[in-house]
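Read through the structure below, which is laid out as structure tokens, and then see the notes.
The values are calculated or read from the model by the stated rules, or taken from the named source; none is laboratory data. Keep in mind that what you see is a predicted model, and the values were worked out from it rather than measured. Note that each Cβ is placed from the backbone with ideal geometry, even for glycine, and that neighbours are counted across all protein chains shown. Heavy atoms of the whole protein, side chains included, go into the accessibility calculation; ligands, DNA and RNA do not. Shrake-Rupley method; radii C 1.70, N 1.55, O 1.52, S 1.80 Å.
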Amino acid sequence: MVAEGETADGDLTTFLSLINTWENTPPNWVGSDPCDDWVGIKCKNSHITSITLSSTDLAGQLSGDIGSLSELETLDLSYNKDLTGPLPESIGELKKLATL
């Protein structure tokens with residue numbers, strides 16, 4: 001059981017793996033819990049449901065780990081010109097993804 005506002009272990013492990021491939025993440029991303037008011041991250045029932053980081057100068061690639069965020073509904077990484085590479089095939093595993 002996780003506390004209110006605390007990210008579920010699986011989502012936390014996946015998200016930390018994702019951001020290890022990114023540069024220029026938002027400066028308020030401090031601590032180890034993305035469900036604790038991190039800019040661009042929304043959670044519901046301790047699961048990450050939205051990653052909205054358009055025009056934030058992110059750099060790097062989107063790793064295949066994204067497919068493990070089973071509750072993800074929104075993924076907006078638009079207008080980050082230094083975020084490169086193809087969309088990983090695992091994005092097809094996100095059955096709740098409504099906005100890409």
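Some points to look at:
- Single residue of region 22-62 satisfying the filter (modelled with pLDDT of 90 or more and among the hydroxyl-bearing types (S, T, Y)) that is most open to solvent (accessible area, probe 1.4 Å): S55
- Note on region 67-90: residues that are in contact with a helix residue (DSSP H, G or I) (Cβ under 6 Å, 6 or more places away or on another chain) and open to solvent by less than 40 Å² (accessible area, probe 1.4 Å) total 4.
- Residue match in region 26-42 (condition: over 20 Å from T7 (Cα atoms) and out of contact with any helix residue (DSSP H, G or I) (no Cβ under 8 Å at 6 or more places or on another chain)): no
- Test: residue in region 36-58 that is in a strand (DSSP E or B), over 11 Å from the mean Cα position of the chain (by Cα) and among the basic types (K, R): yes
- Within region 91-100, the only residue that satisfies the criterion of being modelled with pLDDT of 95 or more, of a type in the set (A, V, I, L, M) and either open to solvent by 50 Å² or more (accessible area, probe 1.4 Å) or in contact with a Pro (Cβ under 9 Å, 6 or more places away or on another chain) (or both) is A98.
- L18 satisfies every condition listed in (1) open to solvent by less than 20 Å² (accessible area, probe 1.4 Å); (2) of a type outside the set (D, E); (3) assigned to a loop (DSSP other than H, G, I, E, B); (4) within 22 Å of T84 (Cα to Cα) except (3).
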